Amino acid sequence: MSTHDRIAIVTGGNRGIGFEICRQLAKLDILVVLTSRNEEKGMEACERLHREELPVRYHQLDVSHAASIVALRDFIIKEFGRCDILVNNAGIFPDTKSASSSNFPSIFESDLKIIREAMETNVYGPILLCQSLIPLMKEHGYGRVVNLSSGMGQLTNMNGHCPGYRISKTSINAVTRIFADELQGENVLVNSMCPGWVKTEMGGPNATREPFEGAETAVWLATLPNGGPTGKFFRDKKEFEW
């Protein structure tokens, strides 16, 4: 059993925003379970944080496979007996530019296989993780769930192109609202957030924000006080239009 007051799980924690979320949570003396699909890269990321003397553990996780999520849940129960924070950060941007065009694909030409892949990782995985881990939060009367979304999934200012990514991020916002509503009366807060355009493998080198900036709102939501907001969409710690 851990002696730490809080146990956090961060998906896709081996690089970019996920890695910075792990670092910032661990600096608050929260024991972080860093997960990644690639075990070697995940272990390397953990070692980097161990060199900073931060409380981090590792567990392999492929959010697109239900058996992998079950294995993570069983590990959490065995090792800690609780789960207090879940950050659904792992995600993919499957809408790649075609060789013949500099534009991202139109919905008219998008392959449904690409949209399904986006939904598997960006939506169905987080749903299964919430189904598996929120009951542990309810048992202990405390939980914080943060779903990484995007302005590209914002219906208010929705544009065209990149349908796989856009549809999946709009969907994770719907998932946030549904879980938050069904958890009314429980001290389990579920929110979405947009990190902005961040310099990561996905965001590219021309992005305007550093990973630590993209992580700040997620960490804030992961550590909200009792009675904090739930079922909301945030950017830079301020409520964002759906």
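The values are calculated or read from the model by the stated rules, or taken from the named source; none is laboratory data. In this text, all values refer to a predicted model and were calculated from it rather than measured experimentally. Please note: Cβ atoms are built from the backbone with ideal geometry, for glycine as well, and neighbour counts cover all protein chains shown.
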* **Conditions (1) touching a residue at least 24 places away in the same chain (Cβ under 8 Å); (2) farther than 16 Å from Phe19 by Cα; (3) not aliphatic (A, V, I, L, M); number of the one not met by Pro205** => (1)
* **Some residue of the range 49-69 being buried (at least 16 other Cβ atoms within 10 Å of the Cβ), β-branched (Val, Ile, Thr) and within 15 Å of the chain's Cα centre (by Cα)** => yes
* To do: Kindly indicate the residue of the range 186-212 that is modelled with pLDDT of 95 or more and surrounded by fewer than 18 Cβ atoms within 10 Å (Cβ to Cβ) and also farthest from Cys83 (Cα to Cα) among those meeting that condition.
  => Glu186
* What number of residues within the range 97-150 satisfy the criterion of being among the charged types (D, E, K, R), at pLDDT 95 or above and more than 20 Å from Ile172 (Cα to Cα)? -> 2
* Asked: Name the residues in the range 149-165 that are surrounded by 16 or more Cβ atoms within 10 Å (Cβ to Cβ), under 24 Å from Glu216 (Cβ atoms) and out of contact with any strand residue (DSSP E or B) (no Cβ under 6 Å at 6 or more places or on another chain), would you?
  -> Ser150, Gly151, Met152, Gly153, Gln154, Tyr165
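The rows are residues; the columns are (1) outside any strand (DSSP E or B); (2) closer than 23 Å to Ala207 by Cβ; (3) among the hydroxyl-bearing types (Ser, Thr, Tyr).
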{"residue": "Gly13", "(1), (2), (3)": "yes, yes, no"}
{"residue": "Ile17", "(1), (2), (3)": "yes, yes, no"}
{"residue": "Glu20", "(1), (2), (3)": "yes, yes, no"}
{"residue": "Leu25", "(1), (2), (3)": "yes, yes, no"}
{"residue": "Thr35", "(1), (2), (3)": "no, no, yes"}
{"residue": "Glu40", "(1), (2), (3)": "yes, no, no"}
* Pull up the range 204-239, narrow it to residues that are in a loop (DSSP other than H, G, I, E, B) and within 21 Å of Pro126 (Cα to Cα), then point me to the one that is farthest from the chain's Cα centre (by Cα). => Pro229
* **Members of the range 184-203 found to be farther than 19 Å from Phe93 by Cα, assigned to a loop (DSSP other than H, G, I, E, B) and of a type in the set (A, V, I, L, M, F, W, C), listed by number** => none
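Conditions (1) in contact with a helix residue (DSSP H, G or I) (Cβ under 7 Å, 6 or more places away or on another chain); (2) free of Cβ contacts under 8 Å to residues at least 12 places away in the same chain, marked per residue:
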site: Asn173; (1), (2): yes, no
site: Thr176; (1), (2): no, no
site: Gly185; (1), (2): no, yes
site: Ser192; (1), (2): yes, no
site: Glu201; (1), (2): yes, no
site: Ala215; (1), (2): yes, no
* Pairs with Cβ under 8 Å, 6+ apart, first in the range 115-128 and polar (S, T, N, Q), second assigned to a helix (DSSP H, G or I) and surrounded by fewer than 18 Cβ atoms within 10 Å (Cβ to Cβ) -> none
* Asked: Can you find a residue in the range 54-64 that is at pLDDT 95 or above, β-branched (Val, Ile, Thr), within 14 Å of Ala90 (Cα to Cα) and part of a loop (DSSP other than H, G, I, E, B)?
  -> yes
